[in-house]
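Just so it is clear, none of the values below were taken in a lab; they were calculated from the coordinates. Just so it is clear, the model here is predicted, and its values are computed rather than measured. Every residue, glycine as well, gets a Cβ built from its backbone with ideal geometry; the counts of neighbours run over all protein chains shown.
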Amino acid sequence: MPRNEGTLDRALRIIAGLVLIALVFVGPQTNWGWIGIVPLATGLVGFCPLYRILGLNTCPLSQRQG
């Protein structure tokens, strides 16, 4: 899978994912926080399937793999 997320995009996804997962343990403590697994996983991997479907790419040309 070629990367299609840039560094800033990946960092924001990881932070958002961790914040959402933290909501399961603190704050409103609802199970909806587990949705944070999606941005966390895509941020760690550097590939977003939705970006591919929509034809988006935030990764600089020099960092692409594949």
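Going by the conditions given, is LEU18 in a helix (DSSP H, G or I), over 23 Å from MET1 (Cα atoms), without any contact (Cβ under 8 Å) to a residue 24 or more places away in the chain and within 12 Å of the chain's Cα centre (by Cα)? When the stated conditions are applied, LEU18 passes them.
Looking at the range 8-34 only, could you name the residues that are of a type outside the set (Phe, Trp, Tyr) and loosely packed, with under 13 Cβ neighbours inside 10 Å? Break it down into steps so the answer makes sense when it comes.
Taking the range 8-34 first, the residues of a type outside the set (Phe, Trp, Tyr) are 8-24, 26-31, 33.
Matches in the range 8-34: LEU8, ALA11, ALA22, VAL26, GLY27, PRO28, GLN29, THR30, ASN31.
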